[in-house]
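Written out below as structure tokens is the structure these notes cover.
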Amino acid sequence: MSQKFDAVVIGAGAAGMMCAAVAGQRGRNVLLIDHAANLAEKIRISGGGRCNFTNLQAGPANYHSANPHFCRSALSRYSPQDFLALLARYNIPWHEKHKGQLFCDRSAQDIIDMLRAECALGNVSWRQPCTVQAVRHDNAGWLIETDAGPVESTSLVIASGGLSIPKIGATDFGHRIARQFDIPVIPPRPGLVPLTFDAASAPFAELAGIALEVELRCRDGFFREDLLITHRGLSGPAILQISSWWQPGDTLSIDLLPDLDLEAALLAAKQGARQHVVSVLAQWLPRRMAELFVAQAGLGARPIAEAGDKALRALAARIKRWELKPSGSEGYRKAEVTLGGVDTRALDQKTMMARQHPGLYFVGEVMDVTGWLGGYNFQWAWASAHACGQAL
Ligand code: FDA
């Protein structure tokens, strides 16, 4: 005998728990299934353990999607302020860190506990850890075969997330279900991920450990954020942000001194100065970096007054437009998100339901809606799940 539910939600992460809680509190009989042994690991490790749970500026412009207006409706109906009101009911302390990014004061566990409590308020049933073996649909509704026995439901919500960090339970389950029901999937690729470089392409070992605020461009992407140079390549928020624009073969253009008209500053420093070019440049750039750029410019250890204008202009241009060609990315092992996913053109923007399959819904990162770094991805999880939970 299979158990019967109004809705089965597969994936008990950010979106799945929110969706189940909202539907449960509306009186729906909901079952939440997850195959992972530990609940909501992505929330737990997010934001360095403090979960950057939303961004005050979240709006459609902060998301990548082949269907950019799709997210507008859900985001406008469940805002960062709505999530803050929920935190207030649980007395969860938080702070703003940077550019509208909100973090827990204590730990990400506060968010997990709150979502669990919200599910309890909605009398949500759980199967975890539990593996889903097959999903079928007929006139009576959905039949979900699991290793704990079959369940039937009127609605099925896929909240199984993206492909990043497989070692904590990420799978392509949602994409497979979409394909099973002929729903297109935009090819997935890692996003918000460190980029790698061939050893010959840039002297990262010499510069490893340097961090500085830069302006970075690739395609239509443009960010002013911190850049971190590691032994393997480039990382830090600037690179994570731009990685979602980067495609193999693209070159990044980096302004290492965005607040300075470097050409004018170097030419002005020439006037009668006995300082070496490296020392002049080291006023603005980390010394190791200054030494490297000066050596590459062939200016050597001589006073700036003796350097030619042309050479100083070329040095300034190289620092203001440092061009680097990544060889790849660190992949899903290190990516914070997955770009691409279930094509939202096949979904209803108000409810997240598949247009051709009444009763089948997708919420959260499994869909082709991917936020920038900075709390936008959780805001999409909450907003899409809330929209769906109200429709079940
Ligand atoms: P999520 O991945 O949260 O949940 C999916 C659930 O489905 C998981 O519990 C998984 O076990 C389950 N599942 C998968 N396959 C299954 C199957 N076959 N059967 C059953 N269950 C299955 N975002 C942000 O806004 N602020 C931040 O601070 C961070 N920080 C961050 C750090 C790191 C290291 C990562 C990897 C990611 C972030 N993110 C983030 C991104 C954010 O974590 C992500 O966008 C959301 O968790 C997506 O929520 P979902 O519920 O869609 O998927």
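Miscellaneous remarks
- Accessible-area value, Met18, 1.4 Å probe, nucleic acids and ligands omitted, Å²: 10 Å²
- R0 of 22 Å, Cβ-Cβ distance Ile45-Gln128: FRET efficiency to nearest 0.05: 0.75
- Count Lys and Arg as plus one, Asp and Glu as minus one, and take only other residues whose Cβ is under 15 Å from that of Val151; the net charge is then -2.
- Secondary structure note: in the chain, about 70% of the DSSP beta bridges are antiparallel.
- Distance from region 319-338 to region 165-241 (C-alpha centre basis), Å: 5 Å
- Summing Lys and Arg as +1 and Asp and Glu as -1 over all other residues whose Cβ lies under 11 Å from the Cβ of Gln247 gives a net charge of +1.
- Among Leu267, Gly48, Gly340 the positive-end extreme of the charge dipole of the chain (Cβ point charges): Leu267
- Placing a label point 7 Å from the Cα of Lys325 along the Cα-to-Cβ direction, the residues of region 187-227 whose backbone N falls under 11 Å of that point are 198, 201.
- Nitroxide proxy distance, nm - points 7 Å out along Cα→Cβ at Gln25 and Ser107: 2.5 nm
- Subset of Lys167/Lys325; Lys270/Lys310; Lys42/Lys334; Lys167/Lys334; Lys42/Lys167 violating a 22 Å alpha-carbon distance limit: Lys167/Lys325
- Over 18 Å [Cα-Cα, region 83-168], rounded percent: 63 percent
- Peptides ranked, highest mean first, by Cβ atoms within 10 Å: ranges 338-345, 157-164: 157-164, 338-345
- Max-minus-min Cα coordinates of the chain on each principal axis give 89, 42, 34 Å, with the largest extent listed first.
The values are calculated or read from the model by the stated rules, or taken from the named source; none is laboratory data. Just so it is clear, the model here is predicted, and its values are computed rather than measured. Every residue, glycine as well, gets a Cβ built from its backbone with ideal geometry; the counts of neighbours run over all protein chains shown. These accessible areas exclude ligands, DNA and RNA; they are computed on the full protein's heavy atoms, side chains included. Shrake-Rupley method; radii C 1.70, N 1.55, O 1.52, S 1.80 Å.
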